[in-house]
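I have placed the structure first, in the form of structure tokens, so that the comments after it can refer back to it.
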Amino acid sequence: MLDMTSGNGHGPLRADVPAYAAAVEAWLASRPAAFVAAARPVASYARRVAVTSDLMRVLFDEGWARYGWPEAVGGLGGDILHRAAMWEALARHGLPAMALFEHLEILAPTLVAMGDQEFVAQVLPRFLRGEERWSQGFSEPDAGSDLASVRTRAVPVEGGHAITGRKIWTSWARYATWCLVLARTGTTQSRHRGLTAFAVDLRSPGVEVRAIEQANGTDELAEVTFDEVHVGPGRIVGELDGGWRVAMHILAHERGTFGWFRHSFLYRQLFDSLAEGSPSPAGDTLLGDALLDLAAVRASSHAGLRAHAAGTALGPAAAFVKLLPAAGEQAVGDWVLATDPDLAVGTQDDDVAVRRQDYLFSRIVSVYGGSRQMQLDTIAKQILRLP
Ligand SMILES: Cc1cc2nc3c(=O)[nH]c(=O)nc-3n(C[C@H](O)[C@H](O)[C@H](O)COP(=O)(O)OP(=O)(O)OC[C@H]3O[C@@H](n4cnc5c(N)ncnc54)[C@H](O)[C@@H]3O)c2cc1C
């Protein structure tokens, strides 16, 4: 365990990412029990949540997961490059996926940048430690690509706001304590100008979470309804009517820096299936495509990480960084299926079941965080300035 009290452990590591990465490597090489348990393939989603949460607790208690987050809200300082190094090392040592902690990297940077700091200092350590999870309540049945059409309403009431509406495709809501809800505080016509982001406690009266069972057998997605759910002061993230800025900050992470975290695990999946051997010359082509795509993700998301660490906004270029991991994930899925066509056949074996889940999930990665067409639209209009 690092010596947190004297600063001997975390002072130098906060300033020196390679030294931090080497220390994480050495710790993982000792094969901590919580890591070994989380690295084992587990088909049950609820079980995966449990073992990943255990690993997050140990990573937090050992100090590793606190790097990259400000000290004022429970971190040990440093920047996103620390987090990138930790997730890459975990993947390289055999962790199959970030699972539900993907939302940590999607939501926590925005909570830290725009949330009420007293509230964030309470919730971030519990999020980092795997005690509480967060979900992202943006999409609605009639507001997906056209996010400015959000209808969920937040009306002022004594001591805060009351939220009423319905969110869909809310990842991890079934396992989450909190949901960052985008709700309308302006007029119906106000579009993106009249939205506010609220941190809503999913244990509040009036919240109902219904899991959606996916084709790959997991219950990662859910529908969440809010019936006059009371949200107190200090729970607005960003400004009143400033929810669009919050949503764009989150989506820039989901599209921009997040590629790095995801690609580490895709390399893992690819290397694991290399043991199966190449099935045919056509298989070699699939493997080549997957490796090239991942190399492109690595280069572009690395640029995103460095820009973020230097305090530069990624802007519309994040659309490009979102497209590449989706293509990479589908290319890896194509290769995995080519090496093991039996993946399509039902089995109780956890290893095969997880690989099938990953394959099926790879088919929908071009939708979340903004569909492929919407990213192409952003590139066409905002980068290429096409009419
Ligand atoms: C695995 C997964 C996880 C998700 N997790 C979350 C989550 O945690 N929180 C959350 O809020 N949402 C989440 N979503 C929802 C996701 O953000 C939406 O599905 C996505 O934004 C698309 O919206 P939609 O499903 O309503 O499709 P639509 O917007 O109805 O689009 C349908 C099709 O039409 C195309 N299209 C739409 N408008 C245009 C246009 N103007 N030009 C060209 N083509 C267009 C789209 O590209 C798409 O192919 C998740 C989705 C998936 C698949």
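Quick check: anything in segment 154-162 on the phi < 0 side of the Ramachandran plot, open to solvent by less than 60 Å² (accessible area, probe 1.4 Å), outside the structural domain of ASP358 (by TED's automatic domain parsing) and within 13 Å of the ligand (Cβ to nearest atom)? No: segment 154-162 contains no residue that is on the phi < 0 side of the Ramachandran plot, open to solvent by less than 60 Å² (accessible area, probe 1.4 Å), outside the structural domain of ASP358 (by TED's automatic domain parsing) and within 13 Å of the ligand (Cβ to nearest atom). Filtered by the rule that a residue be away from the ligand (no atom under 16 Å from the Cβ) and open to solvent by less than 40 Å² (accessible area, probe 1.4 Å), segment 108-120 gives VAL112, MET114, GLY115, PHE119, VAL120.
Taking first residues from segment 203-228 that are hydroxyl-bearing (Ser, Thr, Tyr) and partners that are at pLDDT 95 or above and open to solvent by less than 20 Å² (accessible area, probe 1.4 Å), the Cβ contacts under 7 Å between residues at least 6 apart in sequence or on separate chains come to SER204/VAL229. When we screen ARG57, ARG66, ARG129 for residues that are more than 25 Å from GLY259 (Cβ to Cβ) and either surrounded by 20 or more Cβ atoms within 10 Å (Cβ to Cβ) or more than 17 Å from the chain's Cα centre (by Cα) (or both), the only hit is ARG57. When the residues of segment 374-387 are filtered to those that are open to solvent by 80 Å² or more (accessible area, probe 1.4 Å) and within 18 Å of ASP146 (Cβ to Cβ), which remaining residue is nearest to the ligand (Cβ to nearest atom)? This residue is LYS381. When the test is whether a residue is more than 15 Å from the ligand (Cβ to nearest atom) and either farther than 22 Å from VAL49 by Cα or open to solvent by 30 Å² or more (accessible area, probe 1.4 Å) (or both), GLU140 does not pass it. Scanning segment 335-373 for residues being open to solvent by 60 Å² or more (accessible area, probe 1.4 Å) and either over 30 Å from ALA143 (Cβ atoms) or more than 16 Å from the ligand (Cβ to nearest atom) (or both) gives a total of 9. ASP284 fulfils the conditions (1) within 16 Å of the ligand (Cβ to nearest atom); (2) surrounded by fewer than 16 Cβ atoms within 10 Å (Cβ to Cβ) except for a single criterion, (1).
The values are calculated or read from the model by the stated rules, or taken from the named source; none is laboratory data. The model shown is predicted, which means the values in this text are computed figures rather than measured ones. Using ideal geometry, Cβ is built from the backbone for each residue, glycine included, and neighbour counts are taken over all protein chains shown. Please note that ligands, DNA and RNA were not included when accessible areas were found on the heavy atoms of the full protein model with its side chains. Shrake-Rupley method; radii C 1.70, N 1.55, O 1.52, S 1.80 Å.
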